[in-house]
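Engineer: Below you will find the structure I want to go over with you.
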Amino acid sequence: MTPILQVVGMSKVYRMGDVSVTALRNVSLDFFGGELVVLLGASGSGKSTLLNIIGGLDLPTTGTLTFRGSDLTSATEQQLTAYRRRSIGFVFQFYNLISSLTALENVQLVTDISEQPMPADEALRLVGLGDRMNHFPAQLSGGEQQRVAIARAVAKRPELLLCDEPTGALDYLTGKLVLEVIEKVNRELGTTTLVITHNVSIAGMADRVVTLRSGEVAEDRRNSTRLSPSELSW
């Protein structure tokens, strides 16, 4: 199988005056269409830096990032913007919803600028919010707001869904509901999904688990069985 995304020899060094901080060290990874990958690691392990580079929000110091044969490390800012707009869906720990807009209107912000979007109401039904689409964020629970954020991310039909600690601000039961939505998107839409977490138990829902430690890949393994989020506990 040919990978849709390749990270080769990637390092990232942040320089603050005379101080250099190495966030990634010679990372090489392949990601394949339709798989669900959990990027596991403690705070400071480099996983968010890696996700930001994959998402076109940052550039590596050395190494290459290739998406469907195109080298993004040599792309112009305009080309990176097009990549983020067409191919990437982001879900962050905090929901980043606009408080003055309804759930439907928050999703429409993306569908209005996408080339072949999913209807906003369909995206909200996909995440189980068909009866809440006219509610404002303040009228929704934390888990419901995160599901709106997922609907907004998938409504443009991205090839890559990047989730950075999507359950980090949620309680146990609500977090599992959000993971069920992410798993459903991956399974039903075939969206290649990367989930960052420090929670080892969440790794059980993945096809593959990549563990980062001190900016390096410590382990890259496949799960023999992929668990449903309802089967996870922590």
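Engineer: Going residue by residue through segment 101-114, is there one that turns out to be among the hydroxyl-bearing types (Ser, Thr, Tyr) and farther than 25 Å from Val148 by Cβ?
Structural biologist: No, segment 101-114 has no match at all.
Engineer: Could I ask something else about it? For segment 166-177, what are the residues that are crowded, with 21+ Cβ neighbours inside 10 Å and in contact with a strand residue (DSSP E or B) (Cβ under 9 Å, 6 or more places away or on another chain)?
Structural biologist: Pro166, Thr167
Engineer: Okay, next question. Examine segment 195-216 for a residue that is farther than 22 Å from Ser43 by Cβ and hydroxyl-bearing (Ser, Thr, Tyr), and state whether such a residue exists.
Structural biologist: No, the conditions are met nowhere in segment 195-216.
Engineer: Out of the residues in segment 72-92 that are in a loop (DSSP other than H, G, I, E, B) and in contact with a helix residue (DSSP H, G or I) (Cβ under 9 Å, 6 or more places away or on another chain), which is surrounded by the fewest Cβ atoms within 10 Å (Cβ to Cβ)?
Structural biologist: By that ranking, first place goes to Ala75.
Engineer: Please indicate, with yes or no, whether at least one residue in segment 212-227 is out of contact with any strand residue (DSSP E or B) (no Cβ under 9 Å at 6 or more places or on another chain), among the basic types (Lys, Arg) and farther than 30 Å from Val13 by Cβ.
Structural biologist: No.
Engineer: Quick check on my filter: what residues within segment 180-196 are out of contact with any strand residue (DSSP E or B) (no Cβ under 6 Å at 6 or more places or on another chain) and surrounded by fewer than 22 Cβ atoms within 10 Å (Cβ to Cβ)?
Structural biologist: Glu180, Glu183, Lys184, Arg187, Glu188, Leu189, Gly190 - these are the residues of segment 180-196 that are out of contact with any strand residue (DSSP E or B) (no Cβ under 6 Å at 6 or more places or on another chain) and surrounded by fewer than 22 Cβ atoms within 10 Å (Cβ to Cβ).
Engineer: What single numbered condition from (1) of a type in the set (Gly, Ala, Ser); (2) over 20 Å from Arg213 (Cα atoms); (3) modelled with pLDDT of 95 or more; (4) open to solvent by 30 Å² or more (accessible area, probe 1.4 Å) fails to hold for Gly55?
Structural biologist: Exception for Gly55: condition (4).
Engineer: I'm told Val110 meets every condition in (1) touching a residue at least 40 places away in the same chain (Cβ under 8 Å); (2) under 21 Å from the mean Cα position of the chain (by Cα); (3) under 30 Å from Gly215 (Cα atoms) except one. Can you identify the failing condition by its number?
Structural biologist: Condition (3) is where Val110 drops out.
Engineer: Could you say whether any residue in segment 110-124 is of a type in the set (D, E, K, R) and within 23 Å of Leu177 (Cα to Cα)?
Structural biologist: yes
Engineer: Oh, and also: Taking into account only those residues within segment 199-229 that are in contact (Cβ under 8 Å) with a residue 24 or more places away in the chain and among the hydroxyl-bearing types (Ser, Thr, Tyr), which is least open to solvent (accessible area, probe 1.4 Å)?
Structural biologist: It comes out as Thr211.
Engineer: Right, here's the next one. Only residues in segment 143-158 that are surrounded by fewer than 24 Cβ atoms within 10 Å (Cβ to Cβ) count as the first member; pair them with residues that are basic (Lys, Arg), Cβ under 7 angstrom, at least 6 apart or cross-chain, and list the lot.
Structural biologist: As it stands, the answer is Glu144/Arg132, since those pairs meet every condition given.
Engineer: Another question, then. Considering only residues that are open to solvent by 20 Å² or more (accessible area, probe 1.4 Å), aliphatic (A, V, I, L, M) and more than 19 Å from Arg221 (Cβ to Cβ), which ones fall in segment 1-52?
Structural biologist: Scanning segment 1-52 gives Val8, Val13, Met16, Val19, Val21.
Engineer: Can you pull out the helices (runs of 4 or more DSSP H) entirely within segment 99-207 that have at least 1 residues that are modelled with pLDDT of 95 or more, within 30 Å of Thr2 (Cβ to Cβ) and β-branched (Val, Ile, Thr)?
Structural biologist: Passing ranges, in order: 142-154, 172-189.
Engineer: Considering only residues that are touching a Leu at 6+ places or on another chain (Cβ under 8 Å) and either surrounded by 15 or more Cβ atoms within 10 Å (Cβ to Cβ) or polar (S, T, N, Q) (or both), which ones fall in segment 130-139?
Structural biologist: Scanning segment 130-139 gives Arg132, Met133, Asn134, Phe136, Pro137.
The values are calculated or read from the model by the stated rules, or taken from the named source; none is laboratory data. None of these values were measured; they are calculated from a predicted model. All Cβ positions, glycine included, derive from the backbone under ideal geometry; neighbour counts span all protein chains shown. Note: areas computed on protein heavy atoms with side chains; ligands, DNA, RNA excluded. Shrake-Rupley method; radii C 1.70, N 1.55, O 1.52, S 1.80 Å.
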